[in-house]
Amino acid sequence: MALSLDIIWIVICGCFVFFMQAGLTCLEVGFIQSKNIIFVSIENLLTFMVTTICFCMAGFPLMFGKTFHGIAGMSLWGLQDITSKNNLGFAFVFIQLMFAGVAVTIFAGAMSERTKIIPLQIAAFISSILIYPVFGHWVWGGNFLKQSTWLQNMGYIDCAGASVVHVTAGFIALAGISVVGGRKKATSGRSNIPIATLGVFILWFGWMGFNGGSTFRFSEEVGLAVLNTNLSAAAGMAGALILNFLMKKNGGYLISLFNGVLGGLVAITAAAFYCTPAAAIEIGFITGIIVDLSRYLLERWKLDDAVNAIPVHLVGGITGCLLLPFFIEQQYLNLPDRISQFGVQIVGIVANFVWVFGLSYIMFSILNRTVGLRVTPEEEEKGLNIVEFEDYYSWEKYLEISGFETEIKEKNSLLRKQARLLVVTEEQERKKLARDLHDGVGQSLAALKLILGLAKKQINDNDGLLLNMEKASKLAETSIVEMREVLNNLNPKILEEKGLAEAVRLLVQKVNELDNITCNFIIEDELPSIDDTIALNIYRVLQEALTNVIKHSKAENVFINISYNEEKKLSVFKVVDDGIGFQISENDMGLGILSMEDRVKMLGGRFEVISRMEGGTKVIMEVPVHDGK
């Protein structure tokens, strides 16, 4: 009777794990662009088909057959003699097949939106008959037949597959995206967040069977495993959300939710029925933070994971395996102390990396050089729904979106031309105003100064009147100097005559004439030819930035840096000061900063202000190089 209950429980849990395929599909479909969702759905069906046949015929025997020096199984081929070797029989095969199916689906999802379907199926074939089963044999090889494998002999622990399933899938995914490269336009897609949320709930539900079924018997351990699974998932979400709040990454709020839940689920898989509920909360909370943090590192390293499989499964699995020695109860350790157990856990992770990542990288490299991993840029732009399945609806949407994009580009081009015309018109008005001031007010002030000078010579005998005359003469002279400054600001002649660099150098020279500030000018790269309109706008922005430094920053030093990014064809201008800084808030942006930002955006560039209290301010302007037309 007890055996029958055990078999029923394992089969039920296997069905739970099978349902995780639906969860993974929903999650992936919710995260990628709509033009690829059909491809991902069908790809998951095909990879599960390949995994089912290959794992049962060759993968399971390699993983659980009679061991060859603790390295790989060498019996049970074609599932022969299964019931005679273990009382759980085919129920055990069934749940192990479901575990293998999850691993293969995970790595395929990470490579979505740019990978061909045929090489993915070849990778699924090799993974299910070789890569996954061999490492699984090292850890679980004695779970079906009474035997020991080399990692089991060392005392390595993995209750339900944190390393066997999830770290393995994560390393295959890492190798895959390293070879195939990033998407043309790396984006989370987020075509349907409610569907992604449904996927997370389905995975959460399926994990009850994933961890509960790994006991391989219907016992009191089941309740603990299922409870710990829930607690770790909830704590993982809390940890990720707290990290998101502390880092003020509001744009990644949704991703943090999903990463936290799934990371907590993956981590507790290592110790589901070996730790207390309190320990499960701690494991989940720590893992949620680490998993979400790893997402930002992946972005910095330019590793384009379409569905966050690497942070969740690779990082989450490693974290769970390494936390295990410090959170499970002492009686479940395979070694005398926790530090020794920790050392063995590290050995297991390193072994996984060497075998799984190493072989996977070779596999994907060979596939890339033979059948080719990646679709063409044109096919990626169209979407794999069209490329692989010629989906009519996707064709219709593609043509519609392409039409919208063309129209938007034309409108943007027209707006840029109009904006440039507006700037040219503005500058023409400035020049006209400068000429009028010079020819009108300027000449009048010069004549006034001359008359005052003559009058002063004629009234030497009247001291009071002479003093007033001197004051009036100085006032006229000051007015002339100030008007010349206004004229220069309205129409900087040096910009037209000697170019942008010399005009900026003159600005720096004027700043250095002040007593309390030093301005340094650095040109790292020679700038390409810049047309007059762009040069004038750049000059105005730098002029405004320096004015802000002088008036508000209380800085002692200011640096102007000019460089050129050859790869991106961008001219880069930076104004950096060591002043008091300020708290940046979009609602409190001054008109000067907003005006500078508008000018740069009009040129198709990027404008950024970085500042912190008592930490100085940095103004960054990146302007694309145009052909002057």
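Only the coordinates and a few stated rules stand behind these numbers; no lab work does. All figures in this text were calculated on a predicted structure; none of them were measured in a lab. Don't worry about glycine lacking a Cβ; one is built from the backbone with ideal geometry, like all the others, and counts go over all protein chains shown.
Net length available on complete extension from ASP337 to SER148 is 65.9 nm, with 0.36 nm assigned per residue and the Cα-Cα distance removed. Tell me the net charge near CYS275. Cut-off is 14 Å between Cβ atoms, CYS275 excluded, with +1 for each Lys or Arg and -1 for each Asp or Glu. Residues close to CYS275 contribute a combined charge of -3. Take the Cα of GLN80, step 7 Å toward its Cβ, do the same at ARG300, and the gap between the two points is 5.5 nm.
Less than 5 angstrom separates the built amide H of SER75 from those of GLY65, LYS66, all sequence-distant by 5 or more or on a different chain.
In this structure, ALA22 and ILE71 have a Cβ-Cβ separation that, at R0 = 35 Å, corresponds to a calculated FRET efficiency of about 0.50.
Each residue of the stretch 384-389 was assigned a 3J(HN,Hα) from its phi angle through the Karplus curve 6.51 cos²θ - 1.76 cosθ + 1.60 (θ = phi - 60°); the sequence is 6, 4, 6, 5, 8, 10 Hz, with glycine and proline shown as x.
Each Lys and Arg Cβ is given +1 and each Asp and Glu Cβ -1; about its Cα centre, the stretch 495-624 then shows a dipole of about 200 debye.
Stretched out straight at 0.36 nm per residue, the stretch from LYS568 to ILE12 would grow longer than its current Cα-Cα span by 194.6 nm. A simple spin-label model places pseudo-atoms 7 Å from Cα toward Cβ; at LEU45 and PHE559 they are separated by 5.9 nm.
Could you sort the peptides 131-143, 262-274 by per-residue average Cβ neighbour count (10 Å cutoff), highest mean leading? Intermediate values should be presented prior to the final figure.
Numbers: 131-143: 24.4, 262-274: 31.5.
Most protected by this proxy first, the peptides run 262-274, 131-143.
When each of the peptides 495-501, 224-230 is scored by how many other beta carbons lie within 10 Å of its residues on average, the order from highest to lowest is 224-230, 495-501. For the listed peptides 146-158, 106-118, 88-100, a ranking on the average number of other beta carbons within 10 Å per residue, highest first, reads 106-118, 88-100, 146-158.
Quick one: if the Förster radius is 22 Å, what FRET efficiency do SER219 and PHE90 give, using the C-beta to C-beta distance and rounding to 0.05?
The computed FRET efficiency comes out at 0.55.
Applied to the stretch 88-105, the Karplus parametrisation 6.51 cos²θ - 1.76 cosθ + 1.60 on θ = phi - 60° returns per-residue 3J(HN,Hα) values of 6, x, 6, 4, 5, 4, 4, 5, 5, 4, 5, 4, 4, x, 4, 4, 5, 4 Hz, with x for Gly and Pro.
Going from the fewest other Cβ atoms within 10 Å to the most, the residues TRP355, TRP207 appear in the order TRP355, TRP207.
Rounded to the nearest 0.05, what FRET efficiency is calculated for ASP525 and VAL350 with R0 set to 56 Å and r the Cβ-Cβ distance? It would help to have the intermediate numbers written out before the result.
Values: r = 44 Å, r/R0 = 0.78.
That gives a FRET efficiency of 0.80.
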